[in-house]
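Comments concern the structure below.
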Amino acid sequence: MSKSEMVMDAKDIERTIVRMTHRILEVHKGAADLTLIGIQTRGVFLAKRIQDNIRAIEGTTVATGDMDITLYRDDWTRISHHPVVQATDILFSVDGKEIILVDDVLFTGRTTRAAMDAIMDFGRPDRIELAVLVDRGHRELPIQADYVGRFIETRRSEMINVGLRENDGEDKVLIEERQD
C-alpha cells in the first residue's frame, strides 16, 4: 500500500487557480491576443477553468485549445509500445499569439519541451509561457514556469498526483510514494 499525503484540497485548488488567473491578467494587462492551450489530460481542465475566470473578470472569452504531446515526447517508447493518443484541438491560428501552455505538474520539463515542439507545427506564436498548478522541481531540461500555483518539494521517489473533478471526481493534490 502506498503512503499518500493530501497537500491541496478543492478550496486550495480553486483559490490557486483564481490567483494564477489574476497574475496572468496583470502581466498581460488584460486578455488581448492571449490564448490558452491545455496539455492533455488535466491541463485541459485547468485551462478551461482559467478561461472561465478570465471571462468572469474581464468579460471576454479567450481562445482555448487542447493538446496531446504523446508522440512529441522523446521518451514515449519507454512509456508504452502502444501509447494512448488523445485529441489535439487547436481551432485558431497560433501565429502572432501569446500562448500560455497549461499543465497540472511541472517535473522534468520534458512534457513542456514536447508541447513547444507541437505548437511550432501549428505556426509561430509571438510568445509561449507556461502555467502549472504544481512545480515539484527535479528538472532535466532548462525550463521554468511563468505562473506557478504552488511549489511543492518532493523526493525523486515521490509522485504528485493531481485529481480534478472533471476527470477524477474531486479536486485534490496528493504526494505519494512511487510504486516501481
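Can you name every residue in segment 9-38 that is in a loop (DSSP other than H, G, I, E, B), free of Cβ contacts under 8 Å to residues at least 60 places away in the same chain, out of contact with any helix residue (DSSP H, G or I) (no Cβ under 9 Å at 6 or more places or on another chain) and not basic (K, R)? It would help to see each step written out before you state the result.
Narrowing segment 9-38 to residues in a loop (DSSP other than H, G, I, E, B): 9, 29-33.
Retained after the next criterion (residues that are free of Cβ contacts under 8 Å to residues at least 60 places away in the same chain): 29-32.
Then drop every residue that is not out of contact with any helix residue (DSSP H, G or I) (no Cβ under 9 Å at 6 or more places or on another chain), which leaves 29, 32.
Matches in segment 9-38: A32 only.
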#### Entry: Residues satisfying the stated conditions in segment 136-155, i.e. under 13 Å from the mean Cα position of the chain (by Cα) and on the phi > 0 side of the Ramachandran plot
none
### Query
Taking P125 and the conditions (1) modelled with pLDDT of 95 or more; (2) exposed (fewer than 12 other Cβ atoms within 10 Å of the Cβ); (3) farther than 28 Å from E14 by Cβ, which numbered condition does it fall short on, given that it satisfies the others?
(2)
### Filtered residue count, segment 133-180, keeping only those that are in a strand (DSSP E or B) and either more than 14 Å from R42 (Cα to Cα) or in contact with a helix residue (DSSP H, G or I) (Cβ under 8 Å, 6 or more places away or on another chain) (or both)
16
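Could you tell me whether A114 is under 10 Å from the mean Cα position of the chain (by Cα), small (G, A, S) and outside any loop (DSSP other than H, G, I, E, B)?
Working: under 10 Å from the mean Cα position of the chain (by Cα): no; small (G, A, S): yes; outside any loop (DSSP other than H, G, I, E, B): yes.
No, not satisfied.
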### Query
Is it the case that segment 143-160 has a residue that's loosely packed, with under 13 Cβ neighbours inside 10 Å, of a type in the set (D, E, K, R) and modelled with pLDDT of 95 or more?
no
### Query
Under the condition of being outside any helix (DSSP H, G or I) and hydrophobic (A, V, I, L, M, F, W, C), which residue from segment 39-68 is surrounded by the fewest Cβ atoms within 10 Å (Cβ to Cβ)?
A63
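The values are calculated or read from the model by the stated rules, or taken from the named source; none is laboratory data. In this text the structure is predicted, and so the values were computed from the model without any measurement. With ideal geometry, Cβ positions are generated from the backbone for all residues, glycine too; neighbour counts draw on all protein chains shown.
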